[in-house]
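Structure first, then comments.
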Amino acid sequence: MTVRVRQVHLLNVERCQPEPAELWDAVTEQQLTDWENEWVPELLKAIERLEREGIESRHWPQSSHWNWRKKVEALRGMLASPGFSIVCDGLTQGMMIVDTVKKRCRIDNQKGKPLVYVEFVENAPWNRRELCDSPRYRGVGSILMRAAIELSVESEFGGRIGLHSLSQAHDFYAYLWHDGPWRRF
Amino acid sequence: MTDLGADSDYQGLRYFEMMPEQTRALVEKGKERERERRDEDGNQQGVVHPYGAA
Amino acid sequence: MNTRKTMTLNLTEAEMQVLGSLSEKKDLSKTALLRQALRMYQLIEARLENGEKLFFEDEKTKEKAEVMML
């Protein structure tokens, strides 16, 4: 499998500086290994901490039951469901799987037109503010959304994208295209 | 993105769509910011621009 | 993924007309329409091989008809 790698930048929160990263147009074995060896243990630790602190389970990460290995293996080789990932500092920082055939636009003036539908998108646990006091990198979600848009443009779907949002991510999607200092990354 | 509300066919999750005019704006902003970050990072050699800008 | 190869396609006039009208209706180039058709065909084939069935459902009557694929 040939993977196209493009250079991007994430914000290193601690150093408050941009750091070079890579956007891959695939989710490979390397990502799945990172997910198993790095993401899952980190996520479990975070959930244990939330439980100790008495945080209600409805506030726990809603994507914690996602099994990326199963998802990726079920869709391997499918042209309709490409994946994307971001690698920085030698580790996978975010992953996304989209669908290009099963969904159509619902909004009135675009109804029925093709779009890229974001099936699954997840940030590494150490980048999530709800899971750790000082996230490592910012910008993962925005870069993955832009990758979905780019695919939509390449597919001649006009940049149209759609997704169902877990409630914890509503604000991110609602304000995705609004500008502001907090949206720099 | 445009919030089209809760989707009863999808466990009540809210459904969002982004239209061509919104996506164009977002991609342009992304290109601009990537240029800024690249400049700040000082890493300008051998860089393949992520979103196809010259 | 981005590297592309070119091929010549031989279509009848009727097939060409369908390709033209579908691409116009979907606002896609003929190439984009065929790529989309290929994605869809592969997906349907994989799911049928997986033991699933493909149905059309009448939105009003809820009547279902199974689609038999070659």
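The values are calculated or read from the model by the stated rules, or taken from the named source; none is laboratory data. If you're wondering where the values come from, they're calculated on a predicted model, not measured in any experiment. Quick reminder, even Gly has a Cβ in these numbers, built from the backbone with ideal geometry, and neighbours come from all protein chains shown. With ligands, DNA and RNA removed, areas are computed over all heavy atoms of the protein, side chains included. Shrake-Rupley method; radii C 1.70, N 1.55, O 1.52, S 1.80 Å.
Among C:Lys25/C:Lys64; A:Lys113/B:Lys29; A:Lys111/B:Lys31; C:Lys5/C:Lys25; C:Lys30/C:Lys64; A:Lys103/C:Lys64, which pairs are too far apart, with a Cα-Cα distance over 23 Å? Beyond 23 Å: C:Lys25/C:Lys64; A:Lys113/B:Lys29; A:Lys111/B:Lys31; C:Lys5/C:Lys25; C:Lys30/C:Lys64. Just to confirm the number: angle between the C-alpha axis of helix C:13-26 and the first principal axis of chain C, 0 to 90 degrees, nearest 10? Taking the Cα atoms of chain C, the angle to C:13-26 is about 80 degrees. A full extension of the chain between A:Lys111 and A:Glu56 corresponds to an added length of 15.9 nm, given 0.36 nm per residue minus the alpha carbon distance. For chain A, the mean residue ellipticity at 222 nm estimated from helices alone is -7500 deg cm²/dmol, where every DSSP H run of n ≥ 4 contributes -39500 (n - 2.57) and the total is divided by all residues, rounded to the nearest 500. Before we go on, tell me the buried accessible area for the B/A pair, both chains summed, 1.4 Å probe, in Å² to the nearest 100. What B and A bury together is about 3600 Å². Can you list the residues of segment B:9-24 that have at least 20 square angstrom less accessible area with all protein chains present than in their chain by itself, probe 1.4 Å? When all protein chains are present, B:Tyr10, B:Leu13, B:Arg14, B:Tyr15, B:Phe16, B:Glu17, B:Met18, B:Met19, B:Pro20, B:Gln22, B:Thr23 each give up 20 Å² or more of accessible surface.
Summary: within chain A, the longest segment free of GluC sites (Glu not before Pro) located in DSSP loops with at most 10 other C-beta atoms within 10 Å is A:57-185. With just the Cα atoms defining each centre, how far is segment A:2-30 from segment A:139-158? Give it in Å. Comparing the Cα centres of segment A:2-30 and segment A:139-158, I get a distance of 15 Å. Using DSSP to call loops (not H, G, I, E or B), can you name the trypsin sites (Lys or Arg not before Pro) in segment A:7-66 whose Cβ has at most 12 other Cβ atoms within 10 angstrom? Those that pass, being in a loop and sparsely packed, are A:Arg15.
Which whole number gives the average count of other chain Cβ atoms within 10 Å of the Cβ atoms across peptide A:147-157?
5
When the solvent-accessible surface of protein heavy atoms is calculated with a 1.4 angstrom probe, in what order do C:Val67, A:Val5 fall, highest first? Please report the intermediate quantities before stating the final value.
Numbers: C:Val67 30, A:Val5 65 Å².
If we order C:Val67, A:Val5 from most to least accessible, we get A:Val5, C:Val67.
Over segment C:13-67, Cα pairs under 8 Å with separation of 6+ residues give a relative contact order of 17 percent. With the charge dipole of the protein assembly as shown set up from +1 on Lys and Arg Cβ and -1 on Asp and Glu Cβ about the Cα centre, the Cα lying farthest toward the positive end among the listed residues A:Ser152, A:Leu43, A:Gln62 is that of A:Ser152.
To the nearest 20 debye, what charge dipole does segment C:13-67 have about its Cα centre, counting +1 at the Cβ of each Lys and Arg and -1 at the Cβ of each Asp and Glu? Mind showing how you got there, number by number?
On the way: 10 positive and 12 negative charges, 44 e Å.
For segment C:13-67, the charge dipole is close to 200 debye.
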